[in-house]
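*Asks:* Structure below; questions to follow.
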Amino acid sequence: MASSEGSREIDAAKKRLAAAEARAAGDAKAVESATAAVQAAKAMEEMAQKNAQASTQEVQEAQKSLKDAEARWEVVAIDDDSDADASETVNKKRFCDNGDWGTYEGELNEGGLHHGTGKMKWDNGDVYDGQFKNGKYDGHGTYQCTDGDVYKGEWKNDVHHGQGTLKYANGDVYEGQWANDEREGQGTHRYVSGNEYEGLWKNDAWEGKGTYRHANGSVFEGEFKNGTTDGKGSIRYANGERFAGGYKEGERDGLGTYYWKDGAVEINMYTNGKEVGDGVRWSKDRQTAWLLQDGAKKRKISLKKAHEVATQMGIDGIPPAMEE
């Protein structure tokens, strides 16, 4: 009996020990979990503190920039010895445009922007004198660059737009229409070399019908594209000779007629500015004809044969005399 009771007590003790061990293991996990939570909370707190410090620094920097800007754009009275009313003030302020500093004097809108009539003088010597709209050149004004360029005319949203004249530092002069800071529409460009273009422009280049006068006296009238002769046109040379026909990218192209100063006339096909294939030349009185090969005389031919060749090339009959 005693032995049996002892065994039961031992078994009960073992169970109590196992239960205690189980509780201890659970408590260890709880402690570990709680410790991890505390560490995570501390990390979040540190991060929040850093973000708060960074935000504070950003705010301080923004406030400093604002104060600097307000100081630069402050409206002050002009101090001079004129007879003007001492209480009268003129809007004057310092400005910074893409890193370049200067002084503005003129009218402002309620927001403190240049608006109306005023003058901007950059420290580097550039000057704009004219009209403004909401802080931008808009209306009529003159801009003088220290490099020598001077533009006088219409502006819109800070660029040449409308009618205006640009005198380049090298002596060139353009007078005509502008769009978005480029020559566009009808205009004349007189080059310092003595050459002159008068006609239509697009994207700052000759485009459409125009006239180009060379300093040597030659004159081209016709079509232009991308800044060069392209399409139908004619040129009268200073020596009195004349060519009329097609052009492509600045070179004679397609059918063309050349009038010699002695009165003779010839027709040729052109490629890249050179005569190709058969052509015909007639004498001044149109009674004698020659067959041409790549622009060179090959042999005399009858007027009937000359007419056939001309017809095949797209000309019906004998070319008339050169117009005076």
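The values are calculated or read from the model by the stated rules, or taken from the named source; none is laboratory data. These numbers were taken from a predicted model, which means no experiment stands behind them. Every residue, glycine as well, gets a Cβ built from its backbone with ideal geometry; the counts of neighbours run over all protein chains shown. To get the accessible areas, we keep the full protein, side chains included, count just its heavy atoms, and leave off ligands, DNA and RNA. Shrake-Rupley method; radii C 1.70, N 1.55, O 1.52, S 1.80 Å.
*Asks:* Name the residues in segment 218-235 that are open to solvent by 50 Å² or more (accessible area, probe 1.4 Å), more than 22 Å from Tyr259 (Cα to Cα) and either in contact with a Lys or Arg (Cβ under 7 Å, 6 or more places away or on another chain) or not in a loop (DSSP other than H, G, I, E, B) (or both), would you?
*Replies:* If we filter segment 218-235 for residues that are open to solvent by 50 Å² or more (accessible area, probe 1.4 Å), which is where we start, we get 221, 223, 225-226, 232.
Now narrow it down to the ones that are more than 22 Å from Tyr259 (Cα to Cα): 225-226.
Correct list: Lys225 only.
*Asks:* So is Ala215 under 21 Å from the mean Cα position of the chain (by Cα) and either at pLDDT below 95 or in a loop (DSSP other than H, G, I, E, B) (or both) or not?
*Replies:* Working: under 21 Å from the mean Cα position of the chain (by Cα): no; either at pLDDT below 95 or in a loop (DSSP other than H, G, I, E, B) (or both): yes.
So Ala215 fails the test.
Per-residue answers, yes or no, for (1) modelled with pLDDT of 95 or more; (2) more than 22 Å from Gln163 (Cα to Cα):
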residue: Phe95; (1), (2): no, yes
residue: Glu110; (1), (2): no, yes
residue: Met120; (1), (2): yes, no
residue: Val127; (1), (2): yes, no
residue: Phe132; (1), (2): yes, no
residue: Gly135; (1), (2): no, no
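*Asks:* May I pose another question? As an exercise: evaluate Asp83 against (1) among the acidic types (Asp, Glu); (2) at negative phi; (3) modelled with pLDDT of 95 or more and give the number of the one condition it does not meet.
*Replies:* Failed condition: (3).
*Asks:* Given Thr257, Thr211, Thr228, Thr271, which one is out of contact with any Asp or Glu (no Cβ under 7 Å at 6 or more places or on another chain) and among the hydroxyl-bearing types (Ser, Thr, Tyr)? Break it down into steps so the answer makes sense when it comes.
*Replies:* Details: Thr211 fails: out of contact with any Asp or Glu (no Cβ under 7 Å at 6 or more places or on another chain); Thr228 fails: out of contact with any Asp or Glu (no Cβ under 7 Å at 6 or more places or on another chain); Thr271 fails: out of contact with any Asp or Glu (no Cβ under 7 Å at 6 or more places or on another chain).
Only one candidate qualifies: Thr257.
*Asks:* Then there's this: List pairs: first in segment 304-320 and in contact (Cβ under 8 Å) with a residue 24 or more places away in the chain, second part of a loop (DSSP other than H, G, I, E, B), Cβ under 6 Å, 6+ apart or cross-chain?
*Replies:* Ile318/Arg286
*Asks:* Let me ask something else. Quick one: Ala238 ticks every box in (1) small (Gly, Ala, Ser); (2) open to solvent by less than 50 Å² (accessible area, probe 1.4 Å); (3) farther than 20 Å from Pro320 by Cβ bar one, so which box is it?
*Replies:* (2)
*Asks:* Same structure again: Report yes if some residue within segment 142-153 is open to solvent by less than 20 Å² (accessible area, probe 1.4 Å) and either within 17 Å of Asp204 (Cβ to Cβ) or outside any strand (DSSP E or B) (or both); otherwise report no.
*Replies:* Checked segment 142-153: at least one residue is open to solvent by less than 20 Å² (accessible area, probe 1.4 Å) and either within 17 Å of Asp204 (Cβ to Cβ) or outside any strand (DSSP E or B) (or both).
*Asks:* Return a yes/no flag: does segment 298-310 have any residue that is of a type in the set (Val, Ile, Thr) and surrounded by 17 or more Cβ atoms within 10 Å (Cβ to Cβ).
*Replies:* At the first step, the residues of segment 298-310 found to be of a type in the set (Val, Ile, Thr) are 301, 309.
Now drop any that are not surrounded by 17 or more Cβ atoms within 10 Å (Cβ to Cβ), which leaves 301, 309.
For segment 298-310, residues of a type in the set (Val, Ile, Thr) and surrounded by 17 or more Cβ atoms within 10 Å (Cβ to Cβ): present.
*Asks:* Also: Could you look through segment 171-185, keep only residues that are of a type in the set (Asp, Glu) and part of a strand (DSSP E or B), and pick out the one that is farthest from Ala205 (Cα to Cα)?
*Replies:* Here the residue is Glu175.
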